[in-house]
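Working notes, beginning with the structure itself.
The values are calculated or read from the model by the stated rules, or taken from the named source; none is laboratory data. None of these values were measured; they are calculated from a predicted model. All Cβ positions, glycine included, derive from the backbone under ideal geometry; neighbour counts span all protein chains shown. The accessibility values were calculated without ligands, DNA or RNA, using every heavy atom of the protein model including side chains. Shrake-Rupley method; radii C 1.70, N 1.55, O 1.52, S 1.80 Å.
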Amino acid sequence: MALEQLSDVVQRCQAIQDDNYTTEDYSVFQIAGRTCIEDGESAQVLSIVVDEENKNIVRCMGWNLLGPLVQILLKKEENNLPHCLAILTHLLEVCSPKELLVGLLEQVEEAHSDSIAETVILLLQPLQKVLLRLGGRKASSVGMALSTLLGQVARLPVPQTKEQEEDDVFSLCRCCSALLVFVRPFVEEAKQSRTPKEDELRTELLKFSMKSLCEPLLEVQLKDPETLAESPLRNFATEIVGILSDIGESLPDLLSHSLLRRREVPGFLEEEVCYPKESLASLAYLLFVQHIAMDTFPTVFSSVFVLQCNMEYINLFLSRTEESRLQKGLDLYEKSLVRVEDNSLPVQLMELKSFFSVPQNLVKVMTLCPIQHLRIKGLKVLQLSIDKFDTEAKYKFFQCMLKTSHHAGVEGYIIKNIKNQIDFALNLDNGNEWFMGAHLFPLLRQVLCLPQGPETDLLQNLDRVMESLNLLRYLLIRDKAWKNQTGIWTELYKIEDYYMKPLRTGLNMSKAHYEAELQNTKDNSKKTNAKAESQTQESVCSLTVGNEKMPNMTPEMQLQVLHSALHTFDMMESVLARIEEIIEVKEKP
C-alpha cells in the first residue's frame, strides 16, 4: 500500500515543472517513504530514488527520508542495511546541503539517551560531506553542527578509571576521536588563508575549542601517560589545544585574559562569550598540570606572572564543590607555586582580589570538604603558598587569615607559622622588622585574643588557644628580658591584662562547669535500684561541644567525654602556669 502511494506521488510529480510541488506531495512522499523503509522495502525505495527521472523530486523531498534511514542504520538490520546506506549516500549527493544539514542535526538532537554515541558516530561523516558541499558559505553551518554535536557528546558519562577509559564503556572516547576527524578539514581550511570568510570559520572553531575545554575536558581526570600509554581523552585534549594554535590563538594571550580584564580593555562582553572563564581555566590546567603543549609555551614569562594569570582560574576551581574541580584547582595552584622562588612574592600581590579569594576558598576546602585527601592536599598547598611570600607579604597574609578564616584549626596553623617566622627572625644577625619590635605587636594582639573574652568556648578554640600559649611561652624563653629583641617584655603587662587574666578566668569557669557535670554523671550512674531503661534515661546528660548539642550517650561515654575535656583544660592550665612561672622568676629581684 505504502509502496504504491510512493510510486503514485513520484509518477505524478514527474509531470510537474519548476519543482512546484504541493504541500500534499511533500507529505505523501514523506509518509509513504518512511513506511516503506520501516516495512523493509528499502530496496524498492532505492530503485525509485536513484532513477534519473526522479532526480528533481529526490533533490527537493529526499531529505525527509533521513529519519527512518537513520533509525534502520542504528538498528543494523542486515537485510535493509546495504540498501539504506545506498539511499543515504545518494541523498547526500543529490539533496540540498542546507536541508540535509537541518535533517541530520535533527537526528542528532533527537537521539535517545541510549544511542547518543552511535548516532553521533554514524552521522559525523555524512555531516562533514554536507558541510564541505557548502563551499565558502559554511562558517555558521559548521558552528551550528559543532555546537549540536558537542552538546550531545557532553551528555555521555565521563570515564573515571583507567579501565573505563581503556574499555570505553560510555563510548565517549570514540566520539571524541571521531570529532577530531570531523573537524580537521575545517581547521586546515582556516589555516590556509586570512579572508573574512576564513575569519568567520576561525571564530566558529574557537567556540568549538572553548566548549570542548569546558565539556567534556573540564570533567575528565586525565591519566598519567605512564599509567595509560594510549589515552584517547589525553589525545583529544592535546588536539584541541593544537587547534587553538592552528587558528592563530596565542596561548599566553588566552591565559592572560584575566589580567587584561583588570585593565578594563573595552569590548569584553563579546570576549566573555568567545573566551569563557571555565574554558580558560581548563586550558591552564592542561598546560601547567598535564604539560600538554607546554613545549609551545614561551619561557620568557616569569613564574610570578604565570601565577598571577592562573590565580583567577584557581579561584574558579576552588569555589566549586565537585571533587574533580577541587582536585584541578589544588593541582593547578601547587604547580603554579612550585615554579616560584621561595620568599619572593611581593606584598603588592595581596592587593589583587584573587590573592584574597583563593586562600578563603582554600580554607573552605580544608575545613568543609568531606574528601580527606583533598583536605590534606589543601593544607599542603596553603603551606606552600606561605613559603612563597616575602616577609612583609607573609605578615599581611597572617593578619588577613586571622581576621577571615573563622576556624580555630586554621588559626592555630597560622599562629604556628607566625612562631616559625619569629624564630627565623631571631636567628638572623640583622633581625627582621616585620616579626620583631613595633610591627610584631599588632600581630600578637590578633594572636593573643579570646573572641568572647572569659566566656569563650575553650574546647572549640582548643587549637588556637594552645598555639597562642605555645607562642607566648616560646617568646618568653627564647627572647631574654635583657635582650628583648621582639619587644615582648615591654608589652607583657598589657598581654597579662587582655589575654592571660581572661584566659585564667575562662579556664576556672570551664573546669568548674565540667567538674559539676562529671559529679552529676557519676551520681546518676550509681542509681542501681531503678530499671535498666530508667537508669539509661536518668543517666543521660546534655553536653554542648563547639556550640553543638551532643546526642544521648551511655554513662561510660559521658564520663569519657567529660574526663577528656578536663584533661584538655589541665593541659591549657599547665602551659599558662609555666608562662606565669617564667614571668614570676624574671620579676624577682
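When the residues of the stretch 468-485 are filtered to those that are in a helix (DSSP H, G or I) and of a type in the set (D, E, K, R), which remaining residue is farthest from the chain's Cα centre (by Cα)?
Going through the qualifying residues, I end up with Arg478.
Thr404: among the polar types (S, T, N, Q), open to solvent by 20 Å² or more (accessible area, probe 1.4 Å) and within 25 Å of Phe356 (Cβ to Cβ), yes or no?
Yes.
Scan the stretch 1-26 for residues that are within 15 Å of Cys60 (Cβ to Cβ), open to solvent by 100 Å² or more (accessible area, probe 1.4 Å) and assigned to a helix (DSSP H, G or I) and report the count.
3
Within the stretch 479-501, how many residues are touching a residue at least 40 places away in the same chain (Cβ under 8 Å) and more than 16 Å from Leu444 (Cα to Cα)?
Qualifying residue count, the stretch 479-501: 1.
Taking Pro225 as the residue in question, decide whether it is open to solvent by 20 Å² or more (accessible area, probe 1.4 Å) and without any contact (Cβ under 8 Å) to a residue 24 or more places away in the chain. Before the answer, list the steps.
Working: open to solvent by 20 Å² or more (accessible area, probe 1.4 Å): yes; without any contact (Cβ under 8 Å) to a residue 24 or more places away in the chain: yes.
Yes: the conditions hold for Pro225.
If Lys494 meets every condition in (1) crowded, with 16+ Cβ neighbours inside 10 Å; (2) assigned to a helix (DSSP H, G or I); (3) not hydrophobic (A, V, I, L, M, F, W, C) apart from one, which number is that one?
Unmet for Lys494, out of (1) crowded, with 16+ Cβ neighbours inside 10 Å; (2) assigned to a helix (DSSP H, G or I); (3) not hydrophobic (A, V, I, L, M, F, W, C): (1).
Out of the residues in the stretch 158-217 that are among the hydrophobic types (A, V, I, L, M, F, W, C) and in contact with a Pro (Cβ under 7 Å, 6 or more places away or on another chain), which is farthest from Lys277 (Cα to Cα)?
In this case the residue turns out to be Val169.
Name, by its number, the condition in (1) more than 38 Å from the chain's Cα centre (by Cα); (2) part of a helix (DSSP H, G or I); (3) of a type in the set (Asp, Glu) that does not hold for Glu433.
Result: Glu433 passes all but (2).
Within the stretch 333-347, restricting attention to residues that are closer than 14 Å to Phe305 by Cα and in a loop (DSSP other than H, G, I, E, B), which residue is least open to solvent (accessible area, probe 1.4 Å)?
Taking the stretch 333-347 and keeping what is closer than 14 Å to Phe305 by Cα, we get 333, 335-341, 344-346.
Those still in the list that are in a loop (DSSP other than H, G, I, E, B) too: 339-341, 344, 346.
Working: Arg339: 100, Val340: 5, Glu341: 136, Ser344: 44, Pro346: 43 Å².
Filtering first and then ranking leaves Val340.
What are the pairs with Cβ atoms under 8 angstrom where one residue, in the stretch 127-156, is within 14 Å of Ala190 (Cα to Cα) and the other, located anywhere, is among the hydrophobic types (A, V, I, L, M, F, W, C) and surrounded by fewer than 18 Cβ atoms within 10 Å (Cβ to Cβ)? Sequence gap at least six, or different chains.
Every condition considered, the pairs that remain are Lys138/Leu132.
Across the stretch 387-396, what is the number of residues that are in contact with a helix residue (DSSP H, G or I) (Cβ under 6 Å, 6 or more places away or on another chain) and surrounded by fewer than 21 Cβ atoms within 10 Å (Cβ to Cβ)?
Within the stretch 387-396, residues that are in contact with a helix residue (DSSP H, G or I) (Cβ under 6 Å, 6 or more places away or on another chain) and surrounded by fewer than 21 Cβ atoms within 10 Å (Cβ to Cβ) number 2.
I'd like the full set of residues that are in a helix (DSSP H, G or I) and either open to solvent by 10 Å² or more (accessible area, probe 1.4 Å) or at positive phi (or both), limited to the stretch 364-382. Write out each step before concluding.
Within the stretch 364-382, the first condition is being in a helix (DSSP H, G or I), and the residues that meet it are 364-368, 372-382.
Answer for the stretch 364-382, where residues must be in a helix (DSSP H, G or I) and either open to solvent by 10 Å² or more (accessible area, probe 1.4 Å) or at positive phi (or both): Lys364, Met366, Thr367, Leu368, Gln372, His373, Arg375, Ile376, Lys377, Leu379, Lys380.
Using the structure shown, decide if Glu312 is more than 27 Å from Ile240 (Cβ to Cβ), open to solvent by 20 Å² or more (accessible area, probe 1.4 Å), touching a helix residue (DSSP H, G or I) at 6+ places or on another chain (Cβ under 6 Å) and in a helix (DSSP H, G or I).
no
Across the stretch 550-583, which residue is nearest to Lys480 (Cα to Cα) among those that are small (Gly, Ala, Ser) and out of contact with any Leu (no Cβ under 7 Å at 6 or more places or on another chain)?
Our first condition is that a residue be small (Gly, Ala, Ser); within the stretch 550-583, this holds for 564-565, 574, 577.
Restricting the remaining residues to those that are out of contact with any Leu (no Cβ under 7 Å at 6 or more places or on another chain) gives 564, 574, 577.
Numbers: Ser564: 35, Ser574: 21, Ala577: 19 Å.
If we take residues in the stretch 550-583 being small (Gly, Ala, Ser) and out of contact with any Leu (no Cβ under 7 Å at 6 or more places or on another chain), then Ala577 is nearest to Lys480 (Cα to Cα).
Looking at (1) touching a helix residue (DSSP H, G or I) at 6+ places or on another chain (Cβ under 7 Å); (2) open to solvent by less than 70 Å² (accessible area, probe 1.4 Å); (3) modelled with pLDDT of 70 or more, find the lone condition where Arg578 falls short.
(2) is the only condition that Arg578 fails.
Given the criterion among the aliphatic types (A, V, I, L, M) and modelled with pLDDT under 55, identify the matching residue among Ala516, Ala532, Ala512. It would help to see each step written out before you state the result.
Values: Ala516 fails: modelled with pLDDT under 55; Ala512 fails: modelled with pLDDT under 55.
Exactly one residue qualifies, and that residue is Ala532.
Among residues belonging to the stretch 39-75 that are of a type in the set (Asp, Glu) and assigned to a helix (DSSP H, G or I), point out the one that is nearest to Gln5 (Cα to Cα).
Glu53
Taking interchain pairs and intrachain pairs at least six residues apart, which have beta carbon atoms under 8 angstrom, with the first residue in the stretch 162-183 and closer than 12 Å to Gln125 by Cα and of a type in the set (Phe, Trp, Tyr) and the second open to solvent by 30 Å² or more (accessible area, probe 1.4 Å) and part of a helix (DSSP H, G or I)?
Partner pairs satisfying both residue conditions: Phe182/Gln125; Phe182/Gln128.
Give me the pairs: first residue in the stretch 285-297 and without any contact (Cβ under 8 Å) to a residue 40 or more places away in the chain, second residue buried (at least 21 other Cβ atoms within 10 Å of the Cβ) and outside any loop (DSSP other than H, G, I, E, B), beta-carbon distance under 6 Å, and six or more apart or on different chains, which are they?
Met294/Leu287
Take Ser147 and tell me if it is closer than 27 Å to Asp224 by Cα and not hydrophobic (A, V, I, L, M, F, W, C). So that I can check it myself, show each step before the final result.
Numbers: closer than 27 Å to Asp224 by Cα: no; not hydrophobic (A, V, I, L, M, F, W, C): yes.
Against the criterion (closer than 27 Å to Asp224 by Cα and not hydrophobic (A, V, I, L, M, F, W, C)), Ser147 does not qualify.
Among (1) modelled with pLDDT of 90 or more; (2) open to solvent by 60 Å² or more (accessible area, probe 1.4 Å), which single condition is Arg202 missing?
(2)
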